[in-house]
Amino acid sequence: MEEAEKKIKSLVTIPNLVNWVRHNKRRLDDTIFQLREFAAHPPRHSLQQVQKACADLAYGKTNLTEALEKAENLKPAIVRASAKEVIPTFHKYLKESEIEGLVEFDKFRPMYIIGKKPNNDPLLVPIKPTYVGVRREKLVPVFVIPWVDFKLDQFQKLLLSTIICDAILTQQDFLDSDAEIVALPRIKHTKVRDFRRWRATQYNLLSQEDLAEQFDRYSRALRIVITELEGGD
């Protein structure tokens with residue numbers, strides 16, 4: 001029972017928006033499958049330290065040389081290797097993006113309701129950009145995805161973009177702004193990363209009705225998987 005409780009806690013404690021999005025599918029049965037897989041095979045490590053290394057570069061807290069030196073001390077080894085791959089490519093992205101990081105937004109972390117827990121309490125996810133910067137006098141929240149393989153499908157990309165727009169770009173400071181999502185997948189057969197980026201508003205976003213339906217779908221899937229873990233019918 002202790003193991004089941006641990007899995008349930010991980011299902012209702014959502015660390016960030018991007019990880020939550022990849023558990024979502026358009027169909028209920030597919031979303032249930034994603035949650036079952038997550039409960040059975042949770043991630044073995046977090047890339048939070050890699051995200052922080054990117055943020056420190058963007059905010060000017062470190063330069064490229066210093067960031068790579070710090071990466072040598074990261075643990076475990078898989079996170080260290082990821083940081084050493086990601087940092088040079090992210091540095092290249094920074095130079096091309098012309099987005100100047102604003103360190104005063106380092107703690108910016110609005111919470112957003114994405115459904116309900118089985119007890120009907122709101123299910124919250126932090127919408128924390130890797131960093132927030134300014135480009136041409138407009139604020140730009142930037143979300144960095146440092147996965148080796150970028151596997152969000154088109155629906156998941158739309159879901160991610162829609163929530164970012166709804167949670168951040170409707171706030172007073174961000175009106176008339178846009179957000180940028182930057183994936184850093186590994187180039188096939190190498191240990192070198194590439195970057196792919198898109199603006200949150202460049203696609204036809206999900207409607208509020210579609211968004212509400214997805215939150216309901218996810219909440220139903222969550223209840224089903226938790227009931228299974230509890231040993232219910």
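One line per residue, one yes/no per condition, for (1) open to solvent by 50 Å² or more (accessible area, probe 1.4 Å); (2) at pLDDT below 95:
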| residue | (1), (2) |
| --- | --- |
| CYS165 | no, no |
| GLN171 | yes, no |
| ASP176 | yes, yes |
| ASP194 | yes, no |
| ARG199 | yes, no |
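Is it the case, given these coordinates, that VAL225 is under 18 Å from the mean Cα position of the chain (by Cα) and open to solvent by less than 10 Å² (accessible area, probe 1.4 Å)?
Values: under 18 Å from the mean Cα position of the chain (by Cα): no; open to solvent by less than 10 Å² (accessible area, probe 1.4 Å): yes.
Judged against the criteria, VAL225 is not a match.
On the basis of being closer than 24 Å to LYS138 by Cα, part of a loop (DSSP other than H, G, I, E, B) and touching a residue at least 24 places away in the same chain (Cβ under 8 Å), does PHE90 make the cut? Step through it out loud before you land on a result.
On the way: closer than 24 Å to LYS138 by Cα: yes; part of a loop (DSSP other than H, G, I, E, B): no; touching a residue at least 24 places away in the same chain (Cβ under 8 Å): yes.
No: the conditions fail for PHE90.
Of the residues LYS151, LYS188, which single one is out of contact with any Gly (no Cβ under 6 Å at 6 or more places or on another chain), modelled with pLDDT under 95 and under 18 Å from LEU17 (Cβ atoms)?
Values: LYS188 fails: under 18 Å from LEU17 (Cβ atoms).
Residue meeting the stated conditions: LYS151.
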>> Considering only residues that are without any contact (Cβ under 8 Å) to a residue 60 or more places away in the chain and either assigned to a loop (DSSP other than H, G, I, E, B) or buried (at least 20 other Cβ atoms within 10 Å of the Cβ) (or both), which ones fall in segment 57-80?
In response: LEU57, GLY60, LYS61, THR62, ASN63, ALA67, ALA71, GLU72, ASN73, LEU74, LYS75, PRO76
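Select the strands (runs of 3 or more DSSP E) contained entirely in segment 103-148, then report the ones holding at least 2 residues which are out of contact with any Lys or Arg (no Cβ under 7 Å at 6 or more places or on another chain), within 23 Å of LEU47 (Cα to Cα) and open to solvent by less than 40 Å² (accessible area, probe 1.4 Å).
Numbers: elements: 111-116, 122-126, 131-135, 138-145.
Ranges flagged: 111-116, 131-135, 138-145.
Residue by residue, here is whether (1) over 22 Å from LEU184 (Cβ atoms); (2) touching a residue at least 40 places away in the same chain (Cβ under 8 Å); (3) assigned to a helix (DSSP H, G or I); (4) open to solvent by 30 Å² or more (accessible area, probe 1.4 Å) holds:
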| position | (1), (2), (3), (4) |
| --- | --- |
| LYS9 | yes, no, yes, yes |
| PRO15 | no, yes, no, yes |
| ARG26 | yes, yes, no, yes |
| GLU37 | yes, no, yes, yes |
| CYS54 | no, yes, yes, no |
| VAL86 | no, yes, yes, no |
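What residue, among those in segment 178-192 that are in contact (Cβ under 8 Å) with a residue 12 or more places away in the chain and of a type in the set (D, E, K, R), is surrounded by the fewest Cβ atoms within 10 Å (Cβ to Cβ)? Spell out how you get there, then give the answer.
The first filter runs over segment 178-192 and keeps only residues in contact (Cβ under 8 Å) with a residue 12 or more places away in the chain, leaving 178-186, 191-192.
When the remaining residues are screened for being of a type in the set (D, E, K, R), the result is 178, 180, 186, 191.
Working: ASP178: 17, GLU180: 22, ARG186: 18, LYS191: 10.
Checking each candidate, the answer is LYS191.
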> If you scan segment 39-52, which residues turn out to be outside any helix (DSSP H, G or I) and within 21 Å of ILE87 (Cα to Cα)?
Replying inline: HIS45, SER46, LEU47
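The values are calculated or read from the model by the stated rules, or taken from the named source; none is laboratory data. From a predicted model like this one, the values you see are computed outputs, not experimental measurements. As a convention, Cβ positions derive from the backbone with ideal geometry for all residues, glycine included, and neighbour counts pool all protein chains shown. Heads up: the accessible areas ignore ligands, DNA and RNA and are worked out on the full protein's heavy atoms, side chains in. Shrake-Rupley method; radii C 1.70, N 1.55, O 1.52, S 1.80 Å.
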